[in-house]
Amino acid sequence: VYKVAGKMFAATDAACTKISLKCSDESFLILTETGAAIPAPYLARAKWVQVGPKSLPDAELKGRINQAYAIVRSGLTKKVQASLPPMPG
């Protein structure tokens with residue numbers, strides 16, 4: 001499980017063959033409708049998707065993980081956000 005300030009933004013299975021991550025409403029629809037991802041078990045109602053190996057190019061997957069981090073980070077209080085290191089580039 002990957003967290004920022006105690007809030008989860010991504011998770012993998014034990015073998016790291018699947019990754020679940022938070023995404024925007026628009027990304028959730030795009031990824032699930034195109035078949036690039038499936039709604040994440042138990043977390044789909046919160047707009048989480050699950051991707052398998054090679055379902056997304058590495059660069060896109062990295063971008064989606066950064067987006068998940070940014071979404072969860074933006075939901076934190078301003079005080080907590082200020083105490084965190086700068087956003088990764």
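The values are calculated or read from the model by the stated rules, or taken from the named source; none is laboratory data. Remember, predicted model here, so these are calculated numbers, not experimental data. Positions of Cβ are backbone-derived with ideal geometry, glycine not excepted, and every protein chain shown enters the neighbour counts. When the accessible area is computed, the model is the full protein with side chains, heavy atoms only, and any ligands, DNA or RNA have been set aside. Shrake-Rupley method; radii C 1.70, N 1.55, O 1.52, S 1.80 Å.
Identify all residues within the range 32-61 that are among the polar types (S, T, N, Q) and either surrounded by 12 or more Cβ atoms within 10 Å (Cβ to Cβ) or under 27 Å from LEU84 (Cβ atoms) (or both); write none if there are none.
Answer for the range 32-61, where residues must be among the polar types (S, T, N, Q) and either surrounded by 12 or more Cβ atoms within 10 Å (Cβ to Cβ) or under 27 Å from LEU84 (Cβ atoms) (or both): THR32, GLN50, SER55.
Based on what the data block shows, is ARG64 surrounded by 14 or more Cβ atoms within 10 Å (Cβ to Cβ) and either of a type in the set (D, E, K, R) or at pLDDT below 95 (or both)?
For ARG64, the condition - surrounded by 14 or more Cβ atoms within 10 Å (Cβ to Cβ) and either of a type in the set (D, E, K, R) or at pLDDT below 95 (or both) - is met.
List, please: which pairs have Cβ atoms under 7 Å, are six or more places apart or on different chains, and start with a residue in the range 1-21 that is touching a residue at least 12 places away in the same chain (Cβ under 8 Å) and over 15 Å from SER74 (Cβ atoms) and end with one that is open to solvent by 90 Å² or more (accessible area, probe 1.4 Å) and not acidic (Asp, Glu)?
ALA10/TYR2; THR17/PRO53
If you go through the range 1-31 one residue at a time, how many are crowded, with 18+ Cβ neighbours inside 10 Å and of a type in the set (S, T, N, Q)?
2
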